[in-house]
Amino acid sequence: MTSNKLVVGIYSFSGCDGCRHEILNLGDALLELLEKYNVTIAYEPLLGYVGEKEEYDVVFIEGSVTSEKEVRKLVELRSRSKVLVALGSCSFLGGIPALMKDLKEDVVKTLTNAPTSKLVMVLPISNYVKVDYWLRGCPINNVEFLTLIKKLVEGKFFRQGERRFDFCRTSVVNVNGKLLNLDGEKCIVCGRCVSVCSSLGVNALGIINRGIDIAVSTPFQEPLDNTPCISCGLCTAYCPVGAINHVSTTQLIQDMLRRGEKLVAYLEYEALAALAESEEVHPGKLITAIRRLGFDKVVLWTPLAEVRPSTDLSIVPMSYAEYKYITQFYPDLRKYLTQPPATRIPYRVVLITQCISRKVYGDYVLTAREVQTILKTSDITELEPTDPDHIFKPSIYGYLRAVGPYELRGVLEAVRKGIIRAGAMVTYICPNGCLMGGGQPYSRLPFEVCVECRENYYDKILKTYLTL
Ligand code: SF4
Ligand code: SF4
Ligand code: SF4
């Protein structure tokens, strides 16, 4: 394979195409590699190459095989290629399509893009064909894709380290807790939860075991409550398959509303703005939709309404998450730490919030993401917008804010060193603060949008439509 041109085909079965897009995202680096190493991508419809070859040097398979027809196609591709590479979690592990096993066949057939031929149990593709290499991840690491191509052209061994094992899980690891649970059956070991938790400096989750037993867990598989976990819930927002999730009281609250119990929704500014942005609707229409769920009143609320101005040095945790973070990692600063706002939710109030850690204060808390799911059945665009019944405004202004783990650690170190000596300091642990809290709906804005731009955008959404 050293001197000859490498002819490559990239094929996709049931999956989201995310791994193939990662290859496209390589941009110039991909084009340079193809030219330098004399590689031809003969088949990749995303690049406009649709001329299939009878024989390939390398075929990449993205997605899982979910039907007999797809299995036949996979076996045929194997026979036409010298090397076959499983691309991404769906292909080498089963991935998200493997969750179909929990659905009845007649339900699957009602889904868009449902396979037209007889369904098969979704398994790693190595169950059907010999797989030479695996590119792990959801999506793959595209640099690893480049490295693999280079090594194949050079005729060198592609070192995969832990990834050289045939991956077919034999046992699952579950982690239970009062607030968060990890379902090992669903987990595709993509590691996103581990990396977000580590970026906070908490490291409650990690990868355990080796080879076929690899899994995500806590130290000694303890419930998350017995670990340094601060209950921020960011891992639930980063998990692509809902394997790690928080407990939900949606049913309880919906039952109370159906019985006609008078409940007041305290809707946080950030939750409303993110819902309006994600659903692309007027925030007033969302207020009407929430009212229609049966709430007696809808009030716009912020925990900053409960924070008192202070000239003395005080560290204000925006929730239980910051409170636990500071008490466990900066115990010497506890003397400056106030209680988080809203530890006692008023009687008959349901908080609608971006913050999963507020759930530790009781059952009457819904995340913005949970509300979005409830509202999925209503046509919000048809509703008339209404204003909130009341608006709580922040009671402090011009205070110091520490947003995200890096800023927070910097500011706490400055307090330790005596550089900051006075005034209230409001702390947010999530990387973009509450705007991207663990309970927020999935944003249409690119992830890279900076905190100030997102804040201005959300502010504009609320101020354009509501009388604030
Ligand atoms: S809730 Fe936060 S601290 Fe706990 S495991 Fe998830 S990311 Fe880590
Ligand atoms: S729990 Fe979710 S985010 Fe974490 S490794 Fe498993 S699939 Fe990935
Ligand atoms: S930054 Fe906001 S959403 Fe994140 S844990 Fe703190 S209060 Fe909750």
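Using the Cα centre of the chain as the reference point, and only Cβ charges (+1 on K/R, -1 on D/E), how large is the resulting charge dipole? Debye, rounded to the nearest 20.
On the way: 54 positive and 52 negative charges, 172 e Å.
Dipole magnitude for the chain comes out near 820 debye.
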Practice problem: Report, to the nearest 10°, how far helix 283-292 tilts away from the longest principal axis of the Cα atoms in the chain, using its own Cα long axis and a range of 0 to 90°. | Solution: 80 degrees
Self-check item: Local electrostatic count, Asp57, Cβ distance below 11 Å [Lys/Arg +1, Asp/Glu -1]
Solution: +3
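So if we plug the beta-carbon distance of Asp379 and Leu252 into 1/(1 + (r/R0)^6) with R0 = 25 Å, what FRET efficiency do we get, rounded to 0.05?
Numbers: r = 26 Å, r/R0 = 1.03.
So, using R0 = 25 Å, E works out to roughly 0.45.
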Quiz item: If you find the alpha carbon centre of segment 231-259 and of segment 336-356, how far apart are they in angstrom?
Solution: 17 Å
Quiz prompt | Label-point separation, Ile391 to Arg292 (7 Å along Cα→Cβ), nm | solution = 2.4 nm
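Can you give me the % of accessible surface on the chain that is carbon or sulfur? Probe 1.4 Å, all protein chains present, nothing else counted.
Values: 11390 of 22060 Å².
Of the solvent-accessible surface of the chain, carbon and sulfur hold 52 percent.
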Quiz item: In segment 381-468, what chymotrypsin sites (Phe, Trp or Tyr not before Pro) fall in a loop by DSSP, with at most 11 other Cβ atoms inside 10 Å?
Solution: Tyr397, Tyr442, Phe447
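Roll a 1.4 Å probe over the protein chains and send me the accessible area per residue for segment 250-465 in Å². It would help to have the intermediate numbers written out before the result.
Working: 10130 Å² over 216 residues.
Ligands and nucleic acids excluded, the figure is 47 Å² per residue.
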Quiz prompt | Zone residues, segment 276-295, relative to Tyr457, backbone N less than 18 Å from point 7 Å out along Cα-to-Cβ | solution = 276-283
Quiz prompt | Expected 222 nm ellipticity per residue - DSSP helices of 4 or more, -39500 (n - 2.57), all of the chain, to 500 | solution = -8500 deg cm²/dmol
Practice problem: Specify the inter-centroid distance of segment 28-53 and segment 360-381, based on alpha-carbon positions, in whole Å. | Solution: 45 Å
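Quick one: which of 324-333, 187-196, 31-40 comes out on top by average Cβ neighbours within 10 Å, and what's the full order, highest first?
Numbers: 324-333: 16.1, 187-196: 20.7, 31-40: 13.3.
Highest-to-lowest ranking by the protection proxy: 187-196, 324-333, 31-40.
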Quiz item: Is there a pair in Lys186/Lys324; Lys53/Lys186; Lys376/Lys460; Lys262/Lys324; Lys186/Lys297 whose C-alpha atoms are over 27 Å apart, and which pairs would that be?
Solution: Lys186/Lys324; Lys53/Lys186; Lys262/Lys324; Lys186/Lys297
Quiz prompt | Amide proton proximity set for Ile10, modelled H, under 5 Å, gap of 5+ | solution = Tyr43, Glu44, Phe60
Quiz item: Under 14 Å Cα-Cα from Lys151, which aspartates and glutamates qualify once same-chain neighbours fewer than 8 residues away are excluded?
Solution: Asp57, Asp132
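Given the Cα-Cα distance of Tyr128 and Lys151 and 0.36 nm per residue of separation, how much length would full extension add, in nm?
Values: separation 23, 0.36 × 23 = 8.28 nm, distance 2.56 nm.
Gain on extension, Tyr128 to Lys151, equals 5.7 nm.
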Exercise. Measure nothing fancy, just the Cα-based angle from helix 320-329's long axis to the longest principal axis of the chain, in degrees from 0 to 90, nearest 10.
Key: 80 degrees
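The values are calculated or read from the model by the stated rules, or taken from the named source; none is laboratory data. This is a predicted model, so every value here is computed, not measured. A quick note on method: Cβ atoms are made from the backbone with ideal geometry, for glycine too, and the neighbour counts reach across all protein chains shown. All accessible areas refer to the heavy atoms of the entire protein, side chains included, with ligands and DNA or RNA removed. Shrake-Rupley method; radii C 1.70, N 1.55, O 1.52, S 1.80 Å.
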